[in-house]
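These notes are about the structure you will find just below.
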Number of protein chains: 2
Amino acid sequence: MTMPLKTVFYNIERAIKEYRKFSQRNLNKVQKEITVDQALILNVLNDQPERSQKELADLLYKDNAAMTRMVEGMVRKGLLTKDEDPSDRRKARLTVTSKGDAVLKSITPVILNNREVALKGITDEEIGLLVQLLQKIVRNIIQP
Amino acid sequence: MTMPLKTVFYNIERAIKEYRKFSQRNLNKVQKEITVDQALILNVLNDQPERSQKELADLLYKDNAAMTRMVEGMVRKGLLTKDEDPSDRRKARLTVTSKGDAVLKSITPVILNNREVALKGITDEEIGLLVQLLQKIVRNIIQP
DNA sequence: TGTGTTTTATTGATATATCAATTATATTTG
DNA sequence: CAAATATAATTGATATATCAATAAAACACA
């Protein structure tokens, strides 16, 4: 078999893993106690406070079980509170605490800078093409 | 903050996660007992039997601890054996068993087909560009 | 209305990821 | 050579991922 480690998929995996490490390193400089995914959750809930765990899981590409445990951890850290949604008692209503809000404010510039640095020297056109190709791959393989 | 979930990085992550799921689904059709990463390890060791755990970890983008435990699992399943490397007793010498070899043979066509299906309708030129852009991102962010 | 189906979230089991500390061996270099 | 340093692998602690099974609530509709 041809070496799988030089394929396009290897490069895709490599890029996203390096980007996650890079992002985490930079987050740690201003905020030791938060992960990249936790930052994403805070960000989504800040913009869209009505999101359920299920919706967060879909947005972040996790499954329900993983999201349950991530939220659990964030509640434990005091970043979120969790209540029953009065309109649908199956759902949880998650709220960003003032601590969560402060953390989010402190890391937002870091996140924006991360993206900028990572994409330095790449034109908008190239980014568009990159996204287009990735979406084509996804369309080729998603389940019918 | 602008929505992080529509960025290029979201699309990169999405593509690799979908590809891993797709690959695993197809592997499971012929071989229930193996994961994508285990298949990669068998493949590398088959081509390059002298690879140490450290080298495997680097190739597969894992850390040493993760590799120790993956190898442990594969030895438990009878896919590999593990001995001391006589020339450097810190290292382990991993050997693909006949069972591991049979498994590898049965999944090789699946792996090749996975790549083909995922890249259908994408030209070599586009693939080259995709890889080039991903490598540029990596160069932008790797630690000095 | 009530029965079956779907949705949301949780839990348990197991595998994997990550970081720090440790052990054993090899290598470097003063 | 001996001491310091580097490397390979392991272990423990903790976080996450994944799958299957379950519970509770909501929904569909005959």
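The values are calculated or read from the model by the stated rules, or taken from the named source; none is laboratory data. Quick caveat, the model's predicted, so the values are computed rather than measured. Heads up, the Cβs are rebuilt from the backbone with ideal geometry, glycines too, and the neighbour counts pull from every protein chain shown. Protein only, heavy atoms only, side chains kept; ligands, DNA and RNA dropped before computing areas. Shrake-Rupley method; radii C 1.70, N 1.55, O 1.52, S 1.80 Å.
Counting Cβ atoms of other protein chains within 10 Å of each Cβ in A:51-62 and taking the mean gives 1.
Can you tell me the FRET efficiency between A:V110 and A:D88 if r is taken as the Cβ-Cβ distance and R0 is 25 Å, rounded to the nearest 0.05?
0.10
For the peptides B:29-35, B:102-108, residues were scored by their other Cβ atoms within 10 Å and the scores averaged per peptide; the highest-first order is B:102-108, B:29-35. Take the solvent-accessible surface of the protein heavy atoms, probe 1.4 Å, and return the percent of it on the stretch B:4-141 that carbon and sulfur atoms account for. Accessible surface attributable to carbon and sulfur in the stretch B:4-141 totals 51 percent.
Computed from Cα atoms, the angle from the helix A:8-30 axis to the main principal axis of chain A rounds to 40 degrees. For peptide A:119-130, the mean count of partner chain Cβ atoms within 10 Å of a residue's Cβ comes to 4.
Once C-alpha pairs closer than 8 Å and six or more residues apart are averaged by separation and normalised to the residue number of the stretch A:37-99, the relative contact order reads 33 percent. Each other copy places its own label point for B:Q24 at 1.9 nm from this one, sorted shortest first, where the point lies 7 Å along the Cα-to-beta carbon line.
Taking the three principal axes of the alpha carbon atoms in the protein assembly as shown, the coordinate ranges are 58, 44, 42 Å, sorted in descending order. 3J(HN,Hα) along the stretch B:58-67: 5, 4, 8, 6, 10, 9, 4, 4, 4, 5 Hz, from the Karplus curve 6.51 cos²θ - 1.76 cosθ + 1.60 with θ = phi - 60°, whole Hz, x for Gly and Pro.
Evaluating 6.51 cos²θ - 1.76 cosθ + 1.60 at θ = phi - 60° for every residue in the stretch B:78-88, the Karplus couplings come out as x, 8, 9, 10, 9, 10, 6, 6, x, 7, 8 Hz, glycine and proline recorded as x. Shape class of the stretch B:44-144 from the Cα gyration tensor (axes a ≥ b ≥ c, square roots of the eigenvalues): oblate, since a/c reaches 1.5 or more and a/b does not exceed b/c.
Note that chain B presents 53 Å² accessible area per residue, ligands and nucleic acids not counted, probe 1.4 Å. Between helix B:124-141 and chain B there is an angle of about 80 degrees, using the helix long axis and the longest principal axis of the Cα atoms.
Sorted shortest first, the separations between the A:Y61 label point and its copies elsewhere in the assembly read 1.0 nm; each point sits 7 Å from Cα along the Cα-to-Cβ line.
Classify the stretch A:85-131 from the C-alpha gyration tensor, please: rounded if a/c falls under 1.5, else prolate or oblate depending on whether a/b exceeds b/c. Oblate. Near A:K77, no amide H atom lies under 5 Å from its own; only residues 5 or more places off or on other chains count, and H is placed 1.01 Å from N. For the stretch A:35-123, the list of GluC sites (Glu not before Pro) that fall in a loop by DSSP and count at most 11 other C-beta atoms within 10 angstrom reads A:E50.
Counting only DSSP H runs of at least 4 residues, each contributing -39500 (n - 2.57), and dividing by the residue count of chain B, the helix-based mean residue ellipticity at 222 nm comes to -22000 deg cm²/dmol.
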